[in-house]
Amino acid sequence: MRKPVMAGNWKMYKTAADTTAAIAKLAPLVAGAAHVEVVVCAPFVNLAAAVEAASATNIEIGAQDVFWLKEGAYTGEVSAQMLAAIGCRWVIVGHSERRQYFGETEETVAKKTAAALEAELKPIVCVGERLEQREAGLTEAVLEAQFRGGLAGLTPEQFAGIAIAYEPVWAIGTGKTATPEMAAEAHGFLREQIRARFGAEAAEACRILYGGSVKPDNIKGLMAQPELDGALVGGASLDPASFAAIVNF
């Protein structure tokens, strides 16, 4: 049985003080949520505050990106070892905004994923198609290319340590959401890719989250699909009550 993951991606919002306050509000609202893993992915500068605020709770903290080397002359970058040392447990890799604005490629996704795993972080590796790709009937081709380029090179042992987030780019921050059936179809295709590369057991065990305008009013329908193993939540995770309603679907 795959335990769902509800992960909030706070993107470039909140100060350290805001972070502490938000987690203090969120914690009692999700304290009974033993049915899922609860993760908050905060900006780099707020991670220490987030880890401290979540220390006596069932909330785990993640970063939104990571660099693939342990150290060196890479101004502005943060290594997986640095994240692990301050108490991070998760990290988002290959988010569509990183791909769109910062040149993330399948090669960098693969390197970042491997680096995170080496530091014993749990990567949430993002895949998903743009609107024009979906309209051209290329969804499966895009997902296959992203899977092969970013994940297929992992060893079976490495692959067992990751989660995947299917995020159709056209649904992120737009208010548009893939229907539960559309999401389940994409998740099922990804699971077939896993089965072909890593075997049936890995395909059954891998948690595939959905992301893209997830809200309290659509989470129940999404989670009714057996293929969906949780959500990567953007804007709705910024408000503790809203995110708690999603966690407690």
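Observations, loosely collected:
- If you check V30, V5, V40, V36 for being touching a Pro at 6+ places or on another chain (Cβ under 8 Å), among the β-branched types (V, I, T) and touching a residue at least 40 places away in the same chain (Cβ under 8 Å), only one passes: V36.
- Some residue of region 163-174 being modelled with pLDDT of 95 or more and over 16 Å from E97 (Cβ atoms): yes
- The listed residues are L232, L154, L209, and the only one of them that is under 25 Å from A34 (Cβ atoms), out of contact with any Pro (no Cβ under 9 Å at 6 or more places or on another chain), hydrophobic (A, V, I, L, M, F, W, C) and not assigned by TED's automatic domain parsing to the domain that holds M1 turns out to be L232.
- Test: residue in region 157-169 that is free of Cβ contacts under 8 Å to residues at least 24 places away in the same chain, surrounded by fewer than 18 Cβ atoms within 10 Å (Cβ to Cβ) and farther than 16 Å from G230 by Cα: yes
- Residues of region 99-138 classified as surrounded by 20 or more Cβ atoms within 10 Å (Cβ to Cβ) and part of a helix (DSSP H, G or I), total: 8
- Hits in region 1-30 - residues which are hydroxyl-bearing (S, T, Y) and surrounded by fewer than 20 Cβ atoms within 10 Å (Cβ to Cβ): Y13, T15, T20
The values are calculated or read from the model by the stated rules, or taken from the named source; none is laboratory data. For clarity, every value in this text was computed on a predicted model and none was experimentally measured. Cβ sites come from the backbone with ideal geometry, for glycine too, and all protein chains shown count toward neighbours.
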